[in-house]
Amino acid sequence: MDKGELYGDPFYEDEPFYRAGMPAEEFQRERKYLNDNIDSFIKGGYRPLWKQRLKKSTDVRTHMGNTG
């Protein structure tokens with residue numbers, strides 16, 4: 001599998017952090033984060049980094065909209 005290519009691995013879509021269109025670098029970063037936080041995953045509290053970023057950007061937009 002080429003370093004920049006995910007599609008050589010037939011199970012990449014089964015990762016709990018996978019999302020369509022995810023670049024290989026982000027996939028590797030998410031995989032490392034999952035491995036570093038496996039206890040949280042087992043306990044049911046794991047959230048992929050991209051979902052955390054999405055929530056933060058939504059929170060900022062919501063807050064900015066309520067300051068006017």
Under a Cβ-Cβ cut-off of 12 Å, what is the net charge of the residues other than E30 that fall near it, where Lys and Arg count +1 and Asp and Glu count -1? +3
For segment 12-65, with +1 on Lys and Arg beta carbons and -1 on Asp and Glu, the positive-most of L34, A24, Y46 along the dipole: Y46
Taking Lys and Arg as +1 and Asp and Glu as -1, residues besides L49 with C-beta under 14 Å from its C-beta add up to +4
Starting from the Cα gyration tensor of segment 12-65, take the square roots of the eigenvalues, sort them a ≥ b ≥ c, and report rounded, prolate or oblate (rounded when a/c is under 1.5, otherwise prolate if a/b is larger than b/c, else oblate). oblate
If the only charges are +1 at each Lys and Arg Cβ and -1 at each Asp and Glu Cβ, what is the size of the charge dipole of segment 12-65 around the Cα centre, to the nearest 20 debye? 320 debye
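Only the coordinates and a few stated rules stand behind these numbers; no lab work does. Keep in mind it's a predicted model, so treat the numbers as computed, not measured. As a convention, Cβ positions derive from the backbone with ideal geometry for all residues, glycine included, and neighbour counts pool all protein chains shown.
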